[in-house]
């Protein structure tokens, strides 16, 4: 019976992932049993709404269920809706896919705190001729559970027995308010402007921003220009490096002291409809974010702040997502930047796309050897114990959103690195349900975004421009297995000639994600690199 139930779910998932058919508003329950009726009043949104509705269930009330969703979080179930009007009901029943529990039928009976949610999509009429419905970031960093304009219900405590024929009505009458941007101070400034390049591509107003941490005496020494550390990472409006004007932490106290080297620290804000950042590349799906950052954002910063406009004075750094972005920017724009300090970067060689070899493996979810099919790992502890499989990670994202619209990690990889599919959405590297890898898409990834392949292919041109600029740090027990790809890149770099890369690759013994120099230690390394580069 379990196999039959799983087969039913997989068939439904295949339709969801392919987009050939998926449940929408007005779908009646497929069978007797538990279901949730989700609606919203006209006072919350005048409608109609195209987007995705969720119901979330938790055994604990310490936080609202919407804040407990995650790869290791509470059960939730998601359904696409089209043109849902105020008062109209969307039905989440026993046939709707969820995570980590597959269907409502699989919930154990008991008392739960339940909440419904409406993630509102925007219609994008892109310049490439495709029309897409996706969530438009509201300067919250693609966090659907906190995004302004999204709707949610009050939390209710209910007793649930999936075997009973019962409908639970949930009304999403609460609206998430706009984001409050922190005020500028003497130390921290923030900018935000509409990008002409991105607005033209997406057909909707699109914005770029940055948060700037100024060095000591910046306002007094008005004739002095400074180097800059462009810090890459996830969307945040907080001050770089956790700086606090009241001090009280090591970095803040050092930054405000006489001993601190003088430079600007700048974080970028470049959320996109796929994720909380764009990966700073030009991509068919994400758009020309590389051009926008290089032609709009950085020139704006260098015009409005006293930054030394020379390569040696422009240093990149970042960890994890930011580790990949910073390394990619250094490789894609080798003449513009003077060095990169990349911590625990996302996969830099797709032979190790975490634990998937996209060029050799037939399936992203299993390693096959003879009669054996071993689940592919996604996350681990430093003692080697696997805590999440790759299938589980992707099923989590599929419950969040179809067509690559989860706003989560693997879907942004697909969007940033992959080609466009026939429907205008992403052509995926692998089937989100079965895990089967598309070899043609893998080749596209390789030629455009496999950083180690690009270095090997183009070293004759890139080598002289990158000599002495590459610094990579990662724990050798990285939580997401990212160190394996770094090893492959290091093997190539150490063999380079004419010129030798003359950089740094270091591993933290037994260290997890995201090991490497941070805060004051990283600042000192960057300062030393700038001084040596300036002398050269």
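Failed condition for residue 364, given (1) closer than 27 Å to residue 476 by Cβ; (2) in contact with a strand residue (DSSP E or B) (Cβ under 7 Å, 6 or more places away or on another chain); (3) surrounded by fewer than 23 Cβ atoms within 10 Å (Cβ to Cβ), with all others met?
The failed condition is (3).
So, of the residues in the stretch 520-535 that are in contact with a helix residue (DSSP H, G or I) (Cβ under 8 Å, 6 or more places away or on another chain) and more than 14 Å from residue 260 (Cβ to Cβ), which turns out to be surrounded by the fewest Cβ atoms within 10 Å (Cβ to Cβ)? Talk me through it step by step, then tell me what you get.
The initial filter retains those residues of the stretch 520-535 that are in contact with a helix residue (DSSP H, G or I) (Cβ under 8 Å, 6 or more places away or on another chain), namely 520, 523, 530, 533-534.
Next, from what is left, pick out any that are more than 14 Å from residue 260 (Cβ to Cβ): 533-534.
Values: 533: 18, 534: 13.
This residue is 534.
Is it the case that residue 71 is farther than 20 Å from residue 173 by Cβ and at pLDDT 95 or above? Walk me through how you get there before you give the answer.
Numbers: farther than 20 Å from residue 173 by Cβ: yes; at pLDDT 95 or above: yes.
Yes; evaluated as a whole, the condition is true for this residue.
Is it true that some residue in the stretch 503-518 is farther than 20 Å from residue 318 by Cα and more than 28 Å from the chain's Cα centre (by Cα)?
no
Out of the residues in the stretch 130-139 meeting the condition of being in contact (Cβ under 8 Å) with a residue 60 or more places away in the chain and in a loop (DSSP other than H, G, I, E, B), tell me which one is farthest from residue 177 (Cα to Cα).
130
Consider the stretch 342-361. How many of its residues are surrounded by 22 or more Cβ atoms within 10 Å (Cβ to Cβ) and farther than 13 Å from residue 482 by Cα?
1
Mind checking whether some residue in the stretch 431-443 is closer than 23 Å to residue 134 by Cα, surrounded by 24 or more Cβ atoms within 10 Å (Cβ to Cβ) and more than 16 Å from the chain's Cα centre (by Cα)?
Filtering the stretch 431-443 for residues closer than 23 Å to residue 134 by Cα gives 431-433, 441.
From what's left, surrounded by 24 or more Cβ atoms within 10 Å (Cβ to Cβ): 432.
Subsequent filtering for residues that are more than 16 Å from the chain's Cα centre (by Cα) retains 432.
Checking the stretch 431-443: at least one residue is closer than 23 Å to residue 134 by Cα, surrounded by 24 or more Cβ atoms within 10 Å (Cβ to Cβ) and more than 16 Å from the chain's Cα centre (by Cα).
Give the residue that is modelled with the lowest pLDDT, with candidates limited to residues of the stretch 231-249 that are over 30 Å from residue 279 (Cβ atoms) and out of contact with any helix residue (DSSP H, G or I) (no Cβ under 6 Å at 6 or more places or on another chain).
Taking the stretch 231-249 first, the residues over 30 Å from residue 279 (Cβ atoms) are 245-248.
So of that shortlist, the ones also out of contact with any helix residue (DSSP H, G or I) (no Cβ under 6 Å at 6 or more places or on another chain) come out as 245-246, 248.
Working: 245: 94, 246: 94, 248: 90.
Of everything passing the filter in the stretch 231-249, 248 is modelled with the lowest pLDDT.
So, in the stretch 185-196, how many residues would count as being within 30 Å of residue 281 (Cβ to Cβ) and part of a loop (DSSP other than H, G, I, E, B)?
So the count comes out to 1.
Restricting to the stretch 378-396, give me the number of residues that are in contact with a strand residue (DSSP E or B) (Cβ under 9 Å, 6 or more places away or on another chain), in contact (Cβ under 8 Å) with a residue 12 or more places away in the chain and more than 21 Å from residue 324 (Cα to Cα). Before the answer, list the steps.
Initial filter on the stretch 378-396 (in contact with a strand residue (DSSP E or B) (Cβ under 9 Å, 6 or more places away or on another chain)): 378-382, 386-396.
From what is left, the residues that are in contact (Cβ under 8 Å) with a residue 12 or more places away in the chain are 378-382, 387-396.
Add one more test, that the residue is more than 21 Å from residue 324 (Cα to Cα), and what stays is 381-382, 387-389, 391-392, 395-396.
Selection size over the stretch 378-396: 9.
Go through the stretch 197-223 residue by residue and tally those that are farther than 15 Å from residue 292 by Cα and part of a strand (DSSP E or B).
3
Assess whether residue 482 counts as being touching a strand residue (DSSP E or B) at 6+ places or on another chain (Cβ under 7 Å), closer than 30 Å to residue 362 by Cβ and modelled with pLDDT of 95 or more.
Spelling it out, residue 482 is indeed touching a strand residue (DSSP E or B) at 6+ places or on another chain (Cβ under 7 Å), closer than 30 Å to residue 362 by Cβ and modelled with pLDDT of 95 or more.
Test residue 404 against the stated conditions and say whether it is crowded, with 22+ Cβ neighbours inside 10 Å, outside the structural domain of residue 118 (by TED's automatic domain parsing) and touching a residue at least 40 places away in the same chain (Cβ under 8 Å).
Details: crowded, with 22+ Cβ neighbours inside 10 Å: yes; outside the structural domain of residue 118 (by TED's automatic domain parsing): yes; touching a residue at least 40 places away in the same chain (Cβ under 8 Å): yes.
When the stated conditions are applied, residue 404 passes them.
Residues to consider are 472, 412; find the one that is touching a strand residue (DSSP E or B) at 6+ places or on another chain (Cβ under 6 Å), crowded, with 23+ Cβ neighbours inside 10 Å, closer than 26 Å to residue 514 by Cα and not assigned by TED's automatic domain parsing to the domain that holds residue 280.
Details: 472 fails: not assigned by TED's automatic domain parsing to the domain that holds residue 280.
Exactly one residue qualifies, and that residue is 412.
Scan 371, 459 and give me the residue that is farther than 24 Å from residue 122 by Cβ, modelled with pLDDT under 95 and surrounded by fewer than 23 Cβ atoms within 10 Å (Cβ to Cβ).
Going through 371, 459 in turn, just one is farther than 24 Å from residue 122 by Cβ, modelled with pLDDT under 95 and surrounded by fewer than 23 Cβ atoms within 10 Å (Cβ to Cβ): 371.
In contact with a helix residue (DSSP H, G or I) (Cβ under 8 Å, 6 or more places away or on another chain) and modelled with pLDDT under 95 - does that describe any residue in the stretch 148-162? Break it down stepwise before answering.
Of the residues in the stretch 148-162, the ones in contact with a helix residue (DSSP H, G or I) (Cβ under 8 Å, 6 or more places away or on another chain) are 150, 152, 155, 162.
Within this subset, residues satisfying the condition of being modelled with pLDDT under 95 are 162.
Yes, the stretch 148-162 contains a residue that is in contact with a helix residue (DSSP H, G or I) (Cβ under 8 Å, 6 or more places away or on another chain) and modelled with pLDDT under 95.
The values are calculated or read from the model by the stated rules, or taken from the named source; none is laboratory data. Here the structure is a predicted model, which means the values were calculated and not measured. With ideal geometry, Cβ positions are generated from the backbone for all residues, glycine too; neighbour counts draw on all protein chains shown.
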